[in-house]
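Have a look at the structure below before the remarks.
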Amino acid sequence: ESITVRENELVKLKVKISDPDQDPVTYTFSTPLNKDGAWKTTYGDAGEYIVTITASDGVQTTEKRVKLMVERVNVPPVLEAMQDITVNEGEEVRFEPVVTDPNNDPVTVTISEPLREGNWKTDHTSAGEYRIIVRATDGELNAESSFALNVNNINVPPELRGVEDIEVVEGETVTLRPEVTDADGD
């Protein structure tokens, strides 16, 4: 006799025992069943199990073997909830998603730009809001989540070049031609 269930289902064997002498009968189940003949399977339990049911009236003992087949059920990876991130221009952003797979399958994770590598050194041109999308796949099923990455604009002072100390004689005209740049484009 064989029984087939899918991963994450409950197995519960119902035993019908009769004794021709009408003696009280006790019975036990081998692992993975518990003393009541039940087993709550989980992901990763797929496979074939031989379960032994032993019945005894105190004098005679009999055994019956049952094949228990647990079929694999794939479920998608699980992405832990992600919080929005806010940084100032010039700061480095580091992000590492927490991903699990109930089936313990290998998982591939991708993160959208600008956090594709998991970190990003912002600069004076990085201000804005970015929608970061995180995808996880076990090769068959996928999970996706997103969060906001906000980069605050930080004003950078202008740079002044081309101004050097000069010496002049009283009455001479001095002409300065400084180079002024502003990283923010102000």
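The values are calculated or read from the model by the stated rules, or taken from the named source; none is laboratory data. All values derive from a computational prediction rather than experimental measurement. As a convention, Cβ positions derive from the backbone with ideal geometry for all residues, glycine included, and neighbour counts pool all protein chains shown. For the accessible areas, the whole protein counts, side chains as well, though only heavy atoms, and no ligand, DNA or RNA atoms are used. Shrake-Rupley method; radii C 1.70, N 1.55, O 1.52, S 1.80 Å.
Some notes on this structure:
- Of the trypsin sites (Lys or Arg not before Pro) found in the range 107-148, those that fall in a DSSP loop while having at most 16 other beta-carbon atoms within 10 Å are ARG116.
- Gain on full stretching of the segment that runs from ARG116 to VAL174 - 0.36 nm per residue minus C-alpha separation: 15.6 nm
- Entry note, the range 15-133: relative contact order of 19 percent, from Cα contacts under 8 Å with a spacing of 6+ residues.
- Computed over the chain, Kirkwood Rh from alpha-carbon pairs, angstrom: 23.5
- Heavy-atom accessible area, probed at 1.4 angstrom with all protein chains present, ranks LEU149, LEU79 as LEU79, LEU149, highest first.
- Over the Cα atoms of the range 120-169, the radius of gyration divided by the Kirkwood radius equals 1.46; this is the Rg/Rh ratio.
- Candidates per chymotrypsin sites (Phe, Trp or Tyr not before Pro) in the range 79-154, loop by DSSP, up to 15 other Cβ within 10 Å: none
- The mean accessible area for residues of the chain, using a 1.4 Å probe and ignoring ligands and nucleic acids, is 69 Å² per residue.
- Projecting the Cα positions of GLY47, THR125, PRO77 onto the charge dipole of the chain (unit charges on Cβ atoms of Lys, Arg, Asp and Glu, taken about the Cα centre) puts GLY47 furthest along the positive direction.
- Share of carbon and sulfur in the accessible area of the range 1-97 stands at 46%, probe radius 1.4 Å.
- Cleavage-rule hits (trypsin sites (Lys or Arg not before Pro)) in the range 13-97: DSSP loop, at most 16 neighbouring Cβ within 10 angstrom: LYS14, LYS16, LYS35, ARG72
- Spatially, the range 122-186 and the range 1-78 are offset by 68 Å when compared through their Cα centroids.
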